[in-house]
Amino acid sequence: MSAELTVSPVSQRRQSIYYLLGAALQGAGALLVQPFSIRILDSTQWGRVGLAAVLLQVGQVVLSAGLPLAITKAYFTPKTGPTHARAIHGANIILSLVLSLAAAGIYFLITPDRGAAATFALAIVATGLLSAVVSSQSVLRSQRKALAFVILSGAASLGCHLLGLAAISLIAANSETYLAAFAVGMLATGIAAMTLAPPLWPSKAWNEVKAAFRLGLPVLPHSLAIMLLMQGDTFLVQHFQDTATAGRYVSAAAFALGPFSVLAALNNVWTTRIFEASHDSGLKAVIRSVGNNSAAIAAALSVAGSTAAALGMFLLKGIDHDVV
């Protein structure tokens, strides 16, 4: 393996800290803004915001079509890897933006409730922009630019939610105002992401782009299933109960999803280590090390997360026994 692809243990530890910080920012975005938004918006409006946040996470997986993993894999191909990765990155962005804009337009036209139509159409547009950010982060992750990765994570989560909070505080207390500000923040984040990780047109490496789709699409059902298992129950609550009840459910579910954010952040280190070692004789040792790390951290999170959830919900939501 070439010298520039070698990562020292110290560098790996530093990257782990950066990615954990990114996970904290990403997970804290909704949690920090939530207590204020709940008190400004009525229960139905907050329910729409909560559902939009879930739609954002699930939809991003669909729009990415498994390509972020393909980008990381392609990047570490000897000699031409970075060029191939940036071409796949470009294809991911085009696919996400075209599909999200089309879906948002169709949804807005066929939904009779104008408030809900605007809220969720804006959420779908923001989902396409988030997919572009995640694609850019795949390139940055491969380049081991963890600090830039973390900044984008904070902007796409905490920054956008703070804009939404400011909008409902200063302009109008409704879900469409929140999502409009959120989408503007996501647009700015997307532009910054593509500046930090410039894409190439897919035609620059068309064969590799097609190979990436062949690699990524089979992963899509698995990734979507995981996201639906984690967050899809919110849609069931909304369908069988109402939007307000779904909003209360989302406010509590944020604590259950926190450990997943931490694991996803560390996965940015683990995935990169495995792909880096895939062209080296030390692959088995790396996989064994990653496996041991992930098992230990999963056990710690399961205990600490379940212990802290009820206390945290009480502090953020107040005296609401059902939610706690």
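For the residues L95, L55, L67, the requirement of being open to solvent by 10 Å² or more (accessible area, probe 1.4 Å) and either farther than 23 Å from V237 by Cα or not aliphatic (A, V, I, L, M) (or both) singles out L95. Are any of the residues in the stretch 73-80 open to solvent by 40 Å² or more (accessible area, probe 1.4 Å) and closer than 29 Å to L41 by Cβ? No: the stretch 73-80 contains no residue that is open to solvent by 40 Å² or more (accessible area, probe 1.4 Å) and closer than 29 Å to L41 by Cβ.
Out of T44, T72, T77, one residue alone is at pLDDT 75 or above and closer than 24 Å to I151 by Cα. It is T72. Could you tell me whether T127 is buried (at least 23 other Cβ atoms within 10 Å of the Cβ), modelled with pLDDT of 85 or more and among the β-branched types (V, I, T)? Spelling it out, T127 is indeed buried (at least 23 other Cβ atoms within 10 Å of the Cβ), modelled with pLDDT of 85 or more and among the β-branched types (V, I, T).
Name the one entry in A121, A117, A167 that is over 16 Å from the mean Cα position of the chain (by Cα) and surrounded by fewer than 18 Cβ atoms within 10 Å (Cβ to Cβ).
Working: A121 fails: surrounded by fewer than 18 Cβ atoms within 10 Å (Cβ to Cβ); A167 fails: surrounded by fewer than 18 Cβ atoms within 10 Å (Cβ to Cβ).
The conditions single out A117.
Applying the set (1) open to solvent by 50 Å² or more (accessible area, probe 1.4 Å); (2) out of contact with any helix residue (DSSP H, G or I) (no Cβ under 7 Å at 6 or more places or on another chain); (3) of a type in the set (S, T, Y); (4) modelled with pLDDT of 75 or more to T307 leaves exactly one unmet item: (4). For the stretch 200-232, the candidate set comprises residues that are farther than 17 Å from G66 by Cβ and at pLDDT 80 or above; within that set, the residue that is least open to solvent (accessible area, probe 1.4 Å) is A205.
The values are calculated or read from the model by the stated rules, or taken from the named source; none is laboratory data. Keep in mind that this is a model prediction, so the values were computed, not measured. Note that each Cβ is placed from the backbone with ideal geometry, even for glycine, and that neighbours are counted across all protein chains shown. Heads up: the accessible areas ignore ligands, DNA and RNA and are worked out on the full protein's heavy atoms, side chains in. Shrake-Rupley method; radii C 1.70, N 1.55, O 1.52, S 1.80 Å.
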